[in-house]
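Data first, discussion second: the structure below is written as structure tokens.
The values are calculated or read from the model by the stated rules, or taken from the named source; none is laboratory data. Computed from a prediction, not measured in an experiment: that's the story for all the values here. When we count neighbours, we look across all protein chains shown, and the Cβ atoms used for this are built from the backbone with ideal geometry, even at glycine. We work out accessible area using only protein heavy atoms, side chains counted, and drop any ligands, DNA or RNA first. Shrake-Rupley method; radii C 1.70, N 1.55, O 1.52, S 1.80 Å.
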Amino acid sequence: MPEKQVPAESEDFQDPLQNYEPKEYSDPLEKALAEKSVAEIQFRPVAVATPDTPIHKAVEQLASLQVASLLIEEDGRLVGVFSDRDVLEKVALGYEQLKDNPVSEVMTKDPAFVYESDSSAAALCVMAVLGFRHVPVIDVKHKALGIISPQRVTAFLRKHLNG
Amino acid sequence: MKMGLYENMRTETVGRLALRDPVVVQENATIRDAVTAMRKNKLGCAIVLDRNRVPQGLFPESELTQLLSKNSAVVNEPISKHLKKDWPTVKITDPIARVLDALESRNVRFLIVVNEDGQLAGLTGQKGLMEYVAEHFPGQVNVQRIGGNPYPVDREGA
């Protein structure tokens, strides 16, 4: 049996990260935005409806649960969001005529979303830069796992502002 | 030297935030009038003022959803009947930290901004605060890759 080859000391494994210096942050909130994932902010369980839900049922669901948005799922995949803003923009003035129509007609389709492993800065980006107030959190199969509301982000900011 | 965000929030004032122009409606307006103005201005609330421009109350879009769920014809009712009269305000000279305190303690999305005489000066809220944070940390916030359809034709508005 051949003798096991032992590398010479100079051929030892060199860790490519041995000289890596983690980024230093000047502000505890900046560190949290970079290093904490959206899993820390998201709210569960989420309020969910299907695309064929009548608009009046979706409005009643928003009101009774006292939430500002419903995630609309079809076959376990997120396909839209129906929010207070959709009620204001698309529903309120024509409610009598629209209320029995499916919510898919008035929901926001293909909403911006984040993955659970994304940084919390991604959620803030959706709100502050893209202008959406409610950010669905999904898994790789596009199933909704949670939602991030502005209230949750406000609480996150409070928690991390002072380190 | 750049100060930390919390120090900035205690020294910079509400006037430093990007305040929104509020939607103002008359006391005798209907909810339909308010909704029309809110849609036009892409804003989620309307404010009623007295003759001295002092805010008398605020009508938020969340209240619209609550009302519609109970009465599909509610848009024809006077807004005065459904106004939230003890809505929190901040002064334009208050530190920005006060915005965070008020949003959190009152669990609201909007804050009415008034001047030293209590007259309406603007509107801010969660979105204004988040824009302020994003502005402070552009290297973290503005560079994110977002899934879905992140570039809508229209922003959702405040």
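Numerical summary
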quantity: Length-normalised contact order of chain B in % [C-alpha pairs under 8 Å, at least 6 apart]; calculated: 27
quantity: Candidates B:Pro22, B:Pro138, B:Pro95, ranked by Gaussian network fluctuation over chain B, Cα under 10 Å, top entry; calculated: B:Pro138
quantity: Gap separating the Cα centres of the range B:1-65 and the range A:131-146, nearest whole Å; calculated: 28
quantity: Kirkwood Rh and Cα Rg combined as Rg over Rh, evaluated for the range A:66-163; calculated: 1.02
quantity: Solvent-accessible area per residue for the range B:5-137 (1.4 angstrom probe, square angstrom); calculated: 44
quantity: Neighbouring partner chain Cβ atoms per residue of B:71-83, average, 10 Å criterion; calculated: 1
quantity: Residue-normalised accessible area of the range A:31-161, expressed per residue, 1.4 Å probe, Å²; calculated: 39
quantity: Mean Cα-pair separation over length for the range A:31-161, i.e. relative contact order, pairs under 8 Å, 6 or more apart, %; calculated: 33
quantity: Summed buried accessible surface, chains B and A, 1.4 Å probe, nearest 100 Å²; calculated: 4600
quantity: Listed residues A:Lys36, A:Lys23, A:Lys99, most fluctuating in chain A (Gaussian network, C-alpha, under 10 Å); calculated: A:Lys23
quantity: In nm, spacing of pseudo-spin labels at B:Ser105 and A:Lys159 (7 Å Cα→C-beta vector); calculated: 2.2
quantity: Cα-based equivalent ellipsoid, the range B:1-119: semi-axes from gyration tensor eigenvalues, Å; calculated: 30, 15, 12
quantity: Selection of chymotrypsin sites (Phe, Trp or Tyr not before Pro), the range A:20-71, meeting DSSP coil and at most 15 other Cβ within 10 Å; calculated: A:Tyr20
quantity: The range B:34-123, relative contact order [Cα under 8 Å, separation at least 6], %; calculated: 24
quantity: Per-residue mean of C-beta atoms belonging to partner chains within 10 Å, peptide B:118-124; calculated: 0
quantity: For the protein assembly as shown, projected area of the alpha-carbon convex hull averaged over all directions, nm²; calculated: 22.9
quantity: B:Asp33 - accessible surface, heavy atoms, 1.4 Å probe, Å² rounded to 10; calculated: 80
quantity: Peptide-level mean, for B:96-103, of C-beta atoms on other protein chains within 10 Å; calculated: 2
quantity: Accessible surface of chain A, 1.4 Å probe, proportion on carbon and sulfur as whole %; calculated: 50
quantity: By average C-beta atoms within 10 angstrom, highest first, the peptides B:131-137, B:46-52, A:79-85; calculated: A:79-85, B:131-137, B:46-52
quantity: Rounded FRET efficiency, nearest 0.05, which uses the C-beta distance separating A:Lys141 from A:Lys109 and R0 of 22 Å; calculated: 0.75
